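So the structure is just underneath, and the comments pick up after that.
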Amino acid sequence: MRLRFIILSLFMAFALGDNFCYAMTPAQKRAKAKEIQMRKREAAKRKAAKKKAAKRKAAKRKRIKDGKPLLYVYTYNKQTGDILPASHVIVQDIHAYPNKRPKVSKDTDSKRARISRGLPFGTYWAVAAKTGWFHSDTVVFKHQEDEDTIRLFLYPETRLTFTVTDSLTSRPVSANIIVRHPEGHKIMQTTSDSIHALLAVLLDDRVPYYTIEATSPNYHPFSDTINDYSSYPGVIMSPKEIKSFVLHKIYFATGKTHILATSEPALQELYQFLQVRPNQRIRIVGHTDNIGSDRSNQVLSEGRCTAVKQQMVERGIAPERIEVDGRGERDPIVPNDSEEHRQMNRRVEIVLL
């Protein structure tokens with residue numbers, strides 16, 4: 001009997017196959033249940049995909065029937081080839097009259113940098129723009145199939161920073177600056193200030209060069225070509241006639257002739273000015289405000305001039321090239337009615353001889 005039972009059990013196991021659960025361990029049962037669930041999910045996915053495909057085909061037939069086949073427009077970074085989200089795209093019929101509302105005027109999505117719009121078959125132009133970028137080239141294309149794809153490439157702006165300075169003193173110059181495109185239209189028109197003289201202009205790498213013009217009342221007109229954006233030396237203005245200039249940012253201890261360490265850049269600037277002009281003689285003129293007596297201010301201005309001269313001599317400038325003249329408080333450039341004005345009157349002036 002036992003042998004017969006065993007043979008019958010084996011026969012049922014082979015006959016029923018996987019459905020013979022009585023011979024499975026608990027782990028096998030769990031694995032089998034999991035497999036059945038996966039098969040069900042895959043079947044559901046296939047069914048959903050088939051339903052979605054059918055829906056897309058129906059939508060495509062409807063779009064073509066309604067005369068609005070789908071157009072996709074993508075925007076990219078020209079330099080890297082990466083997608084560029086949030087670009088504003090304009091698409092217009094090439095035969096539309098000027099100022100007519102565009103067929104498409106919207107931003108691309110933030111995920112795929114894409115817009116989609118149903119448009120009638122025809123010929124269109126498209127362009128994309130984005131803040132901080134130069135607009136894409138205008139693309140003319142024929143929309144003749146459903147789900148046509150257009151790709152637009154935007155160009156990063158190149159920020160060129162440059163200075164406007166005096167050729168003799170290297171000081172900032174207030175000048176009228178115009179930067180022009182090769183076609184002649186203005187890219188930038190502004191006025192540099194006489195304090196910082198640092199300007200910035202946005203240039204397009206696609207343009208081979210720009211021209212720059214600078215004019216200032218006391219300087220010769222300046223013009224140049226900008227074709228190397230990475231190492232442009234800036235605008236250097238040549239004075240028509242120069243007789244004197246103020247040595248800015250030279251500091252003395254209060255009421256004394258001792259030059260503070262923070263004056264080193266100004267002293268170095270004067271030294272370089274004299275070094276590159278070996279035949280130039282100068283007079284160092286010192287001025288004070290009206291705080292204190294006339295006599296003390298006179299002595300103070302003379303001492304400060306002498307201190308500046310001594311600095312130049314120690315650096316290798318011949319002493320006979322430098323004269324000194326202390327003017328005390330006699331030649332103010334503004335009234336001594338405020339601390340700001342008094343500070344302006346406390347100055348060291350360099351007169352060319």
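Summary table
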{"quantity": "Computed over segment 223-353, the ratio Rg/Rh where both radii use C-alpha atoms and Rh is Kirkwood", "calculated": "1.05"}
{"quantity": "Helix 264-275 vs. the chain, principal-axis angle (Cα, 0 to 90°, nearest 10)", "calculated": "70"}
{"quantity": "Potential extension, Glu183-Asp224 segment - 0.36 nm per residue separation minus Cα distance", "calculated": "13.2 nm"}
{"quantity": "Coil-residue trypsin sites (Lys or Arg not before Pro) of segment 278-353, DSSP, other Cβ within 10 Å capped at 14", "calculated": "Arg281, Arg315, Arg330"}
{"quantity": "Scattering profile of the chain at q = 0.11 Å⁻¹ [log10 I(q)/I(0), Debye over alpha-carbon scatterers]", "calculated": "-0.91"}
{"quantity": "Pairs from Lys40/Lys65; Lys45/Lys65; Lys78/Lys111 whose Cα-Cα separation, in the structure shown, is over 26 Å", "calculated": "Lys40/Lys65; Lys45/Lys65"}
{"quantity": "Projected label distance in nm at Ser174 and Ser296, using a 7 Å step from Cα toward the beta-carbon", "calculated": "3.5"}
{"quantity": "Lys/Arg +1, Asp/Glu -1 at C-beta; the chain dipole; positive extreme among Ile284, Thr257, Asn218", "calculated": "Asn218"}
{"quantity": "Hz values of 3J(HN,Hα) by residue in segment 202-209 - Karplus curve (6.51, -1.76, 1.60), Gly and Pro given as x", "calculated": "8, 10, 9, 4, 6, 7, x, 6"}
{"quantity": "Derived scalar couplings ³J(HN,Hα) [segment 116-127; Karplus, 6.51 cos²θ - 1.76 cosθ + 1.60; whole Hz; x for Gly, Pro]", "calculated": "9, 8, x, 9, x, 4, x, 10, 9, 10, 9, 8"}
{"quantity": "Tail weight of P(r) past 20 Å, computed on alpha-carbon pairs of segment 66-156, percent", "calculated": "30"}
{"quantity": "Percentage of interatomic Cα-Cα distances in segment 84-137 larger than 17 Å", "calculated": "39"}
{"quantity": "Rounded to whole Hz, the Karplus (6.51, -1.76, 1.60) HN-Hα couplings of segment 27-43, x for glycine and proline", "calculated": "5, 5, 4, 5, 5, 5, 5, 5, 5, 4, 5, 5, 4, 5, 5, 5, 5"}
{"quantity": "For Ile187, distant residues with modelled amide H under 5 Å away", "calculated": "Val179, Arg180, His181"}
{"quantity": "Cα-based radius of gyration of segment 157-237 once divided by 2.2 N^0.38 Å, which approximates compact folds", "calculated": "1.03"}
{"quantity": "Length released on extending from Asp193 to Gln272, taking residue separation times 0.36 nm less the Cα-Cα span", "calculated": "26.1 nm"}
{"quantity": "Inter-label distance, nm, simple model (7 Å from Cα along the C-beta direction), Lys57/Glu340", "calculated": "8.0"}
{"quantity": "Where labels lie 7 Å past Cα in the beta-carbon direction, separation of Ala129 and Arg46 in nm", "calculated": "5.3"}
{"quantity": "Leu152 long-range amide H proximity, modeled H, under 5 Å", "calculated": "Tyr74, Thr75, Tyr76"}
{"quantity": "Fully extended contour minus Cα-Cα distance, from Glu314 to Ala253, at 0.36 nm per residue", "calculated": "19.9 nm"}
{"quantity": "The chain: angle of helix 2-16 to the longest principal axis, Cα-based, in degrees nearest 10", "calculated": "60"}
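Each value in this text was obtained by applying a stated rule to the coordinates, not by laboratory testing. Computed from a predicted model, the values in this text were never measured in an experiment. Here the Cβ is made from the backbone with ideal geometry for all residues, glycine too, and neighbour counts use every protein chain on show.
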